[in-house]
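Presented below is the structure to which this report refers.
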Amino acid sequence: MGQSVRFYGDVSFMPLYWLCYRHNNQIAVVIEVGASLIHARMRAAVAGLGEGAFTEGHELDGKTEKRVPKAMIGRRLSQGEAQALLAKFASKR
């Protein structure tokens with residue numbers, strides 16, 4: 001089942017959040033825009049992306065945010081995708 005990137009209205013001014021969920025002993029990551037952490041979690045939940053127990057969330061700083069491919073925003077990332085993105089963040093610090 002493919003999921004597309006969702007943008008409702010002009011959200012370009014809102015920061016990105018890295019949201020982590022635990023489901024079936026697996027970690028899932030969602031990158032979502034929001035005015036706050038709670039807002040980003042709510043957007044993920046409404047979109048059906050927040051399956052499992054929410055474990056943590058972090059606002060991405062502007063420099064890191066620019067390295068997130070648009071295709072990864074607003075969908076669940078596989079563990080491999082999340083690990084590759086973290087490696088990309090770490091390699092350019």
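Before moving on, here are some points about what is shown:
- The stretch 65-80, residues that are in contact (Cβ under 8 Å) with a residue 40 or more places away in the chain and out of contact with any Leu (no Cβ under 8 Å at 6 or more places or on another chain): K70, A71, Q79
- Qualifying positions in the stretch 44-74 - of a type in the set (D, E, K, R), outside any loop (DSSP other than H, G, I, E, B) and either at pLDDT 95 or above or exposed (fewer than 14 other Cβ atoms within 10 Å of the Cβ) (or both): E56, E59, K63, K70
- Failed item in (1) modelled with pLDDT under 95; (2) over 10 Å from the mean Cα position of the chain (by Cα), with A28 passing the rest: (2)
- Filtered by the rule that a residue be within 16 Å of E32 (Cα to Cα) and either surrounded by fewer than 17 Cβ atoms within 10 Å (Cβ to Cβ) or over 10 Å from the mean Cα position of the chain (by Cα) (or both), the stretch 80-93 gives E81, L85, L86.
- Unmet criterion (only one of (1) in contact (Cβ under 8 Å) with a residue 40 or more places away in the chain; (2) surrounded by fewer than 17 Cβ atoms within 10 Å (Cβ to Cβ)) for A28: (2)
The values are calculated or read from the model by the stated rules, or taken from the named source; none is laboratory data. Everything numeric here is computed off the predicted structure, so don't read it as measured data. Cβ: placed from backbone, ideal geometry, glycine included. Neighbour counts: every protein chain shown.
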